[in-house]
Amino acid sequence: MRLDKFVCKSTALTRSEATAQINAGRVKVNGEAVVKERTQVHESNRITQDGVVLAPRPFRYILLHKPAGTVCSNIDEAYPSVFRCLDLERTDELHIAGRLDADTTGLVLITDDGRWSFDIIRPDQRCEKVYRVGLSQPIADDVADRFKRGLSLQGEDQLTLPARLQIVTPTEVLLTITEGRFHQVKRMFAAVGNRVVSLHREKIGKINLDIDVGQWRALTEDEVLSFSS
Ligand code: URA
């Protein structure tokens, strides 16, 4: 981690305040003043500020039930940011593991642990995501098989990985995918001549959405550890 980030995560300082402290030689790494804020440091290093040992706050792991009309971004765009649903401090340190579109609802995982979120989104992890999908037209008979075999999406060379389709009603299905390509679910249904009219993520890995829309909760230790390979 960068030294300025380490100082921010261990104190109430902003990034620019942390940089000023570092540049003034008030931060030491293993006893040596390090004046470059970009220096990489490790948790095992002894890092002090004015002689006081710094210890980063523990990582945060959060489950949010995203409402429609919010964006998975740290800043408000055309819609308000999902971070407005969190009554937490320092939301600028948090990021989302697998974004949803503004009109998509459901399960969002939020953290400040970049290694943990990378384990969820990295393609070779094949982490399952389950979506409840509302369709404009009844689902055709061959779609489950086409999704299982892999589809060619417009503008992409690689077929989608095998996906599972469970039919709930002719216009409502559950889709399980293990990738996170841009607008993947909407594009998969477009590729088979249908259109998504509602999209809701119910599950990521072993984590189920068990809270009301707009609510959040901390993940349990078991849930956090469930993504370790
Ligand atoms: N696929 C989409 O098309 N949209 C989402 O929000 C998530 C998956």
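The values are calculated or read from the model by the stated rules, or taken from the named source; none is laboratory data. If you're wondering where the values come from, they're calculated on a predicted model, not measured in any experiment. Here the Cβ is made from the backbone with ideal geometry for all residues, glycine too, and neighbour counts use every protein chain on show. Calculation scope for accessible area: heavy atoms of the full protein, side chains included, ligands and nucleic acids excluded. Shrake-Rupley method; radii C 1.70, N 1.55, O 1.52, S 1.80 Å.
Of all residues in region 8-52, how many are β-branched (V, I, T), within 24 Å of the chain's Cα centre (by Cα) and either surrounded by 17 or more Cβ atoms within 10 Å (Cβ to Cβ) or assigned by TED's automatic domain parsing to the domain that holds D112 (or both)?
Final tally of qualifying residues: 0.
Residues considered: L109, L153. Of these, the only one that is open to solvent by less than 10 Å² (accessible area, probe 1.4 Å) and not assigned by TED's automatic domain parsing to the domain that holds G193 is L109.
Just to be sure, is G69 within 16 Å of the ligand (Cβ to nearest atom), in a strand (DSSP E or B) and open to solvent by less than 40 Å² (accessible area, probe 1.4 Å)?
Values: within 16 Å of the ligand (Cβ to nearest atom): yes; in a strand (DSSP E or B): no; open to solvent by less than 40 Å² (accessible area, probe 1.4 Å): yes.
Judged against the criteria, G69 is not a match.
For L159, the conditions (1) open to solvent by 50 Å² or more (accessible area, probe 1.4 Å); (2) within 12 Å of the ligand (Cβ to nearest atom); (3) aliphatic (A, V, I, L, M) all hold with the exception of (2). Considering V197, V168, the condition of being touching a strand residue (DSSP E or B) at 6+ places or on another chain (Cβ under 9 Å), of a type outside the set (S, T, N, Q) and touching a residue at least 60 places away in the same chain (Cβ under 8 Å) is satisfied by V197 alone.
Among the listed residues V213, V192, V168, V173, identify the single one that is at pLDDT 95 or above, surrounded by 11 or more Cβ atoms within 10 Å (Cβ to Cβ), of a type outside the set (D, E) and in the same structural domain as L88 (by TED's automatic domain parsing). Going through V213, V192, V168, V173 in turn, the sole match is V213.
Apart from one condition, R132 fits all of (1) assigned to a strand (DSSP E or B); (2) over 25 Å from I110 (Cβ atoms); the exception is (2).
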